[in-house]
Amino acid sequence: MRQLTRIAGLRRSEIRRLSTAVLRDLDDEGHWFYSPEWWGDAGAEGHTVFRSISEHGNGIVSVTAYPSSRPAKEEWPVVERWLQERYAKIHPELNNHAEFFRILGYQWRVLRFNDDTRQSTVKIMAAYREADPASLYVMQQPHCLAVPYLKSMVSCGLTTLSSSGFDICKTVNGNATMNVLCIGHGGGSLPLFLASKFKGAMIDIVEIDPVVISASIEAMGFPSSDKFLWGKLHNQLQLYRSDAENFIIHSSKMYDLIFIDAYDGDDIFPRKLWDSDGPFLQSLQSRLHPVHGTVVVNLHADSDVLASGMRDSNVLGGILPMGKYVTQVCRAYKENLGFAFIISVPWLCNLTLVASNGVGLGRVHQGISLNRDMVLSALLSKSNMVESLLNLPFSCLQYIKRDFQLVV
């Protein structure tokens, strides 16, 4: 009733904007509204499509499939024709002999560690060729970012990068290169989303666990070597089976943007990835562009951070297990890189940490050190541009503003 009263008091223009926002949310299959579908909480029975034992601290690695309500079957023929046209394009030897495709369905695929920790969720499309009913093509849907912390990481990372002087407009059309590193692979939805939005993005992905890599390719539709489904996009992604610390230490590449999401099967963020005196953090800064280089870290919130003033302490009822040492992690990144801020993630016990040297943001402007309002204003000024340029199905604004705090 309170919400209806508020709406009734709005002007027509405000109602139109509200309606547009609501429709966009419902059109985004990665919106929290659809979370019962993602995780099998909507009553549909899931079935296991992958299961193996990790030797790298992730325990039992499994992928469970759940039905997706969208798109409706009436929309499938459009995709089937697209598959047929792509297949004919890469197989000119068929001499106009059409290969017809049929979609089997759309599903959510959930990657779990130890049958408990929900590591990631992706949406896939499964199809086959009519001439070969035993054929199976599984394609992850790159436009769909399920789970709010990924949207928070994307929103904060891209607006910070843009606010630091990096021209993301040129990378969208491939007129400039954006070097991205993703530490921690999961189902691969984050690098795939970025590759689909930026033609100029060259994305390195580091994952220590070969079982996780196998799960993402075999069961979650992450690109392998199949040019039929992915075309040139496949060339933008390079997946390395490596320890993150070793990769950073021995890499000579300069990155514009680094994403870190590296919790293990016990829901622990490895200490060597936040040890102030360790080689990882000490080497990380040398791998970042000296002006606009930005690091974005996914963290599971713990009580010391939430008690410090963040409003979302009521969500501690537990969608994700609690993390540990978050304050120490934030300070370690701030001390090693020079500047950092943190934002809470809606609906989840997650926090997004963003760190850089602050040079691009103007760490010292006319003798005045950056403060909270200056940084937040800079990010907000770029949020609409990032949304419209990438045609995002979600608002960056709602993630950037949420409990924004500088790390001190």
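Among the residues of segment 222-250, count how many are over 21 Å from residue 122 (Cβ atoms) and assigned to a loop (DSSP other than H, G, I, E, B).
Residues meeting the conditions: 2.
Are any residues in segment 254-296 among the aromatic types (Phe, Trp, Tyr) and either more than 18 Å from residue 338 (Cβ to Cβ) or open to solvent by 50 Å² or more (accessible area, probe 1.4 Å) (or both), and if so, which ones? Explain how you work it out, then say what you get.
Step one: filter segment 254-296 for residues among the aromatic types (Phe, Trp, Tyr), giving 255, 259, 263, 269, 274, 280.
Result: 259, 263, 269.
Open to solvent by less than 70 Å² (accessible area, probe 1.4 Å) and assigned to a helix (DSSP H, G or I): which single residue out of 351, 392, 361, 380 fits that description?
Values: 351 fails: assigned to a helix (DSSP H, G or I); 392 fails: assigned to a helix (DSSP H, G or I); 361 fails: assigned to a helix (DSSP H, G or I).
Being open to solvent by less than 70 Å² (accessible area, probe 1.4 Å) and assigned to a helix (DSSP H, G or I) holds for just one of 351, 392, 361, 380, which is 380.
Which members of segment 169-207 meet the condition of being in a helix (DSSP H, G or I), open to solvent by 20 Å² or more (accessible area, probe 1.4 Å) and within 21 Å of residue 221 (Cβ to Cβ)?
Answer for segment 169-207, where residues must be in a helix (DSSP H, G or I), open to solvent by 20 Å² or more (accessible area, probe 1.4 Å) and within 21 Å of residue 221 (Cβ to Cβ): 196, 197.
Just to check your reading of the model, which residue among 41, 115 is of a type in the set (Asp, Glu), surrounded by fewer than 18 Cβ atoms within 10 Å (Cβ to Cβ) and touching a residue at least 40 places away in the same chain (Cβ under 8 Å)? Don't jump to the end; show me each part of the working.
Details: 41 fails: touching a residue at least 40 places away in the same chain (Cβ under 8 Å).
The conditions single out 115.
Identify the single condition in (1) assigned to a helix (DSSP H, G or I); (2) open to solvent by 10 Å² or more (accessible area, probe 1.4 Å); (3) in contact (Cβ under 8 Å) with a residue 40 or more places away in the chain that residue 156 does not satisfy, given that it satisfies every other one.
Residue 156 satisfies all of (1) assigned to a helix (DSSP H, G or I); (2) open to solvent by 10 Å² or more (accessible area, probe 1.4 Å); (3) in contact (Cβ under 8 Å) with a residue 40 or more places away in the chain except (2).
Could you please tell me which pairs satisfy a Cβ distance under 9 Å, a separation of 6+ or placement on different chains, a first residue in segment 44-55 that is part of a strand (DSSP E or B), and a second residue that is of a type in the set (Lys, Arg) and open to solvent by less than 100 Å² (accessible area, probe 1.4 Å)?
Pairs found: 49/109; 50/109.
Can you tell me how many residues within segment 208-218 are surrounded by fewer than 24 Cβ atoms within 10 Å (Cβ to Cβ) and in contact (Cβ under 8 Å) with a residue 24 or more places away in the chain? Walk me through it before giving the result.
We begin by selecting, within segment 208-218, every residue surrounded by fewer than 24 Cβ atoms within 10 Å (Cβ to Cβ); these are 209-211, 213-214, 217-218.
Cutting the leftovers down to in contact (Cβ under 8 Å) with a residue 24 or more places away in the chain gives us 209-211, 213-214, 218.
Residues meeting the conditions: 6.
For (1) buried (at least 19 other Cβ atoms within 10 Å of the Cβ); (2) at pLDDT 95 or above, each residue gets a yes or a no:
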position	(1), (2)
57	no, no
90	no, no
105	no, yes
124	yes, yes
139	yes, yes
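The values are calculated or read from the model by the stated rules, or taken from the named source; none is laboratory data. Quick caveat, the model's predicted, so the values are computed rather than measured. Positions of Cβ are generated from backbone atoms using ideal geometry, with glycine treated the same way; all protein chains shown enter the neighbour counts. All accessible areas refer to the heavy atoms of the entire protein, side chains included, with ligands and DNA or RNA removed. Shrake-Rupley method; radii C 1.70, N 1.55, O 1.52, S 1.80 Å.
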